[in-house]
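Novice: Shown below is the structure under consideration.
The values are calculated or read from the model by the stated rules, or taken from the named source; none is laboratory data. What you see is a predicted model, and the numbers here were worked out from it, not measured in a lab. Note that we place each Cβ from the backbone using ideal geometry, even for glycine, and neighbour counts take in every protein chain shown. Only protein heavy atoms, including side chains, enter the accessible area calculation; ligands, DNA and RNA are left aside. Shrake-Rupley method; radii C 1.70, N 1.55, O 1.52, S 1.80 Å.
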Amino acid sequence: MGNHKLRGKDLKNINYETDKAKSLAIDIMSMHYKHYTKQEKLKVLLDVKNNPEHYLSDPILGVLASEFTCRSLKSKKEVQLLKAPGEFKVFGRKHIADQTYQQMDLAMSLPIAERGALMPDAHMGYGLPIGGVLATRNAVVPYGVGLDIGCRMSLSLFDIAPGYLKRKNYQFKMALKERTCFGSGGVLSIQQDHEILDRKEFTTTPLLRQLHGKAVKQLGTSGSGNHFVEFGEVELVDGHDFGMPLGKYLGLLSHSGSRGLGAGIARHYTGIAREKCLLPNYAQHFAWLNLDTEEGMEYWMAMNLAGDYAKACHDQIHRHLCKYLGIKPVATVENHHNFAWKEKIETGETLVIHRKGATPAGKGVLGIIPGSMTATGYIVRGKGEQSSLSSASHGAGRKMSRAQAKNSYTKSALKKVLSKAGVSLIGGGIDEAPIAYKDLDEVMASQTDLVDVIGRFTPKIVRMDKA
DNA sequence: ATGTCC
């Protein structure tokens with residue numbers, strides 16, 4: 001039986017390229033052709049692909065056939081890219097690899113692109129680079145926001161000396177083990193309840209109705225990859241505005257996003273954008289939605305819901321940890337770094353500012369630029385620099401790919417680095433080792449025009465997903 | 001990033 005099952009790979013072999021064609025094919029075959037062998041199914045599908053006009057009136061295969069004929073008709077009215085890409089400002093050029101500029105050039109060749117900038121931690125991503133900022137007029141690029149919509153930072157500051165962390169080390173570790181949840185599919189042991197789950201937006205589209213159940217299960221969880229929850233030392237420095245003396249305090253810092261909800265929204269609307277916005281193949285990831293269309297307004301609404309959900313997840317994490325430990329924060333700093341906003345720029349126009357792995361840095365706006373599991377990160381105050389579209393980096397940026405880090409580094413080497421830094425790590429893996437990241441201090445030196453540092457955060461007990 | 005394809 002198992003070898004009757006069609007996989008994406010099988011479909012790719014017969015030149016089923018788009019996600020939509022592949023998912024239609026799998027649905028139709030499992031529903032109406034379940035007694036066919038895999039070979040027979042592939043034979044049917046290949047013929048539909050090669051001779052779609054023969055199947056257009058077929059009650060079952062017609063919908064799939066029209067996918068292929070439509071494509072060939074559609075390709076005649078592709079969106080034209082600009083011959084010369086618009087200029088964009090680069091911060092920290094020496095930290096950024098060549099392909100990243102090419103990706104940004106492509107972004108600035110879109111007819112909707114008005115302004116752009118690269119942050120000093122920029123590197124390649126799907127569509128817009130991570131660390132890329134793109135300003136468009138009345139249009140949103142789902143992959144300009146990223147798959148993890150509302151990926152964000154949240155810091156709680158406590159009026160407690162950091163020595164408390166050493167004295168109550170065991171309780172802090174237990175709190176992280178008992179009150180956070182990493183990885184896919186995991187569920188928190190305690191009841192989650194938050195008004196975000198009652199938001200009426202969840203009832204307004206079939207997609208959001210479908211994703212609501214997952215949102216309920218995943219509320220207050222953290223996900224995987226570079227996401228973390230950590231306790232550490234906050235050092236407030238000159239120019240801070242927290243109403244406390246300069247010095248060191250206990251802090252709680254979290255990094256995560258909107259989990260399956262945002263991923264589902266991003267996938268869905270980038271798919272619609274690709275159908276509506278016919279870009280050449282190599283630029284497909286930049287497909288956009290106009291904000292005055294129904295789909296565009298829907299994405300904007302769903303994106304904002306995912307952003308609020310991501311915030312709710314952080315709020316739950318902080319609330320549950322504080323309750324477990326019997327402590328109360330005196331201040332909070334938080335910011336999205338994967339999102340799009342309507343913002344007025346210096347000319348007085350309102351543009352759609354996409355920040356994909358970039359920290360909002362409007363004048364006086366506070367944000368968090370995290371380090372690695374051992375490296376100190378920063379609490380910053382934006383300067384509202386126009387040439388960066390009021391943005392800054394969202395971290396140090398990777399120096400090594402995940403695979404590269406795994407191949408060139410060992411567990412025992414990581415243990416040494418952690419113990420030297422006095423950091424306890426729960427979970428985590430080689431691919432997130434500090435050595436896989438650029439030096440954040442060098443990156444910060446490239447953005448002194450963008451932000452002022454008002455505090456530092458040094459991790460002490462870090463929880464991440466298991467590698 | 002993601003129950004990594006409905």
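Novice: Is it the case, given these coordinates, that A:K41 is open to solvent by 80 Å² or more (accessible area, probe 1.4 Å), part of a helix (DSSP H, G or I), within 16 Å of DNA strand B (Cβ to nearest atom) and among the basic types (K, R)? Show your work before the answer.
Specialist: Values: open to solvent by 80 Å² or more (accessible area, probe 1.4 Å): no; part of a helix (DSSP H, G or I): yes; within 16 Å of DNA strand B (Cβ to nearest atom): yes; among the basic types (K, R): yes.
No: the conditions fail for A:K41.
Novice: Then there is this: Any idea which residue in segment A:371-411 is surrounded by the most Cβ atoms within 10 Å (Cβ to Cβ), counting only those that are at pLDDT below 95 and in a helix (DSSP H, G or I)? Can you show your working first?
Specialist: Taking segment A:371-411 as the starting set, the residues that turn out to be at pLDDT below 95 are A:397-411.
Restricting the remaining residues to those that are in a helix (DSSP H, G or I) gives A:402-408, A:411.
Working: A:R402: 16, A:A403: 9, A:Q404: 13, A:A405: 20, A:K406: 16, A:N407: 10, A:S408: 13, A:K411: 11.
Of everything passing the filter in segment A:371-411, A:A405 is surrounded by the most Cβ atoms within 10 Å (Cβ to Cβ).
Novice: Go through segment A:119-167 and count every residue that is more than 16 Å from DNA strand B (Cβ to nearest atom) and of a type in the set (D, E).
Specialist: Result for segment A:119-167: 1.
So that you can scan it fast, the table gives a plain yes or no per residue for (1) farther than 30 Å from A:E343 by Cα; (2) out of contact with any Ser or Thr (no Cβ under 6 Å at 6 or more places or on another chain); (3) assigned to a loop (DSSP other than H, G, I, E, B); (4) aliphatic (A, V, I, L, M):
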residue	(1), (2), (3), (4)
A:S154	no, no, no, no
A:G186	yes, yes, yes, no
A:I190	yes, yes, yes, yes
A:Q210	yes, yes, no, no
A:G220	no, yes, yes, no
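Novice: Could you tell me which numbered condition A:F91 fails, if it satisfies all but one of (1) farther than 28 Å from A:I272 by Cβ; (2) within 14 Å of DNA strand B (Cβ to nearest atom); (3) surrounded by 15 or more Cβ atoms within 10 Å (Cβ to Cβ)?
Specialist: (2)
Novice: What number of residues within segment A:135-183 satisfy the criterion of being among the polar types (S, T, N, Q), closer than 24 Å to A:Y378 by Cβ and exposed (fewer than 15 other Cβ atoms within 10 Å of the Cβ)? Full working, then the answer.
Specialist: Looking only at segment A:135-183, we keep the residues that are among the polar types (S, T, N, Q), and these are A:136, A:138, A:154, A:156, A:169, A:171, A:180.
Remaining after also requiring closer than 24 Å to A:Y378 by Cβ: A:154, A:156, A:180.
The next check asks that each one be exposed (fewer than 15 other Cβ atoms within 10 Å of the Cβ); those that pass are none.
Adding up the residues that qualify gives 0.
Novice: Is there any pair linking a residue in segment A:325-353 that is part of a strand (DSSP E or B) to one that is β-branched (V, I, T) and surrounded by fewer than 21 Cβ atoms within 10 Å (Cβ to Cβ), with Cβ under 6 Å and at least six apart or on different chains, and which?
Specialist: Matching pairs, first to second residue: A:K342/A:T350; A:K344/A:T350; A:L351/A:I345.
Novice: Can you pull out every residue in segment A:401-421 that is more than 28 Å from the chain's Cα centre (by Cα) and under 16 Å from A:A467 (Cα atoms)?
Specialist: Selection gives A:S412, A:A413, A:K415.
Novice: Another one. Which members of segment A:253-274 meet the condition of being within 15 Å of DNA strand B (Cβ to nearest atom), more than 30 Å from A:T458 (Cβ to Cβ) and either open to solvent by 40 Å² or more (accessible area, probe 1.4 Å) or not hydroxyl-bearing (S, T, Y) (or both)?
Specialist: Within segment A:253-274, A:G260, A:L261, A:A263, A:G264, A:I265, A:A266, A:R267, A:H268, A:G271, A:I272, A:R274 meet the criteria.
Novice: Further question: Filter segment A:184-212 down to the residues that are open to solvent by 40 Å² or more (accessible area, probe 1.4 Å) and within 14 Å of DNA strand B (Cβ to nearest atom) and list them by number. Break it down stepwise before answering.
Specialist: Kept after step one, since they are open to solvent by 40 Å² or more (accessible area, probe 1.4 Å), are these residues of segment A:184-212: A:184-185, A:187, A:189-191, A:193, A:195, A:198-200, A:203-204, A:206, A:209-210, A:212.
Answer for segment A:184-212, where residues must be open to solvent by 40 Å² or more (accessible area, probe 1.4 Å) and within 14 Å of DNA strand B (Cβ to nearest atom): A:S184, A:G185, A:V187, A:P206, A:R209, A:Q210, A:H212.
Novice: Something else about it: Against the conditions (1) open to solvent by less than 60 Å² (accessible area, probe 1.4 Å); (2) within 30 Å of A:A266 (Cα to Cα); (3) within 14 Å of DNA strand B (Cβ to nearest atom), where does A:L61 fall short? Just the number, please.
Specialist: Tallying (1) open to solvent by less than 60 Å² (accessible area, probe 1.4 Å); (2) within 30 Å of A:A266 (Cα to Cα); (3) within 14 Å of DNA strand B (Cβ to nearest atom), A:L61 fails exactly one: (3).
Novice: Here's something else I'd like to know. Within segment A:95-115, does at least one residue satisfy the condition of being in contact (Cβ under 8 Å) with a residue 12 or more places away in the chain and within 16 Å of DNA strand B (Cβ to nearest atom)? It would help to see each step written out before you state the result.
Specialist: Initially, segment A:95-115 is screened for residues in contact (Cβ under 8 Å) with a residue 12 or more places away in the chain, giving A:95-97, A:99-101, A:103-115.
With within 16 Å of DNA strand B (Cβ to nearest atom) added as a condition, the list becomes none.
No, the conditions are met nowhere in segment A:95-115.
Novice: Hey, another quick one. Quick one: is A:T221 at negative phi and near DNA strand B (Cβ under 10 Å from one of its atoms)?
Specialist: Working: at negative phi: yes; near DNA strand B (Cβ under 10 Å from one of its atoms): yes.
Spelling it out, A:T221 is indeed at negative phi and near DNA strand B (Cβ under 10 Å from one of its atoms).
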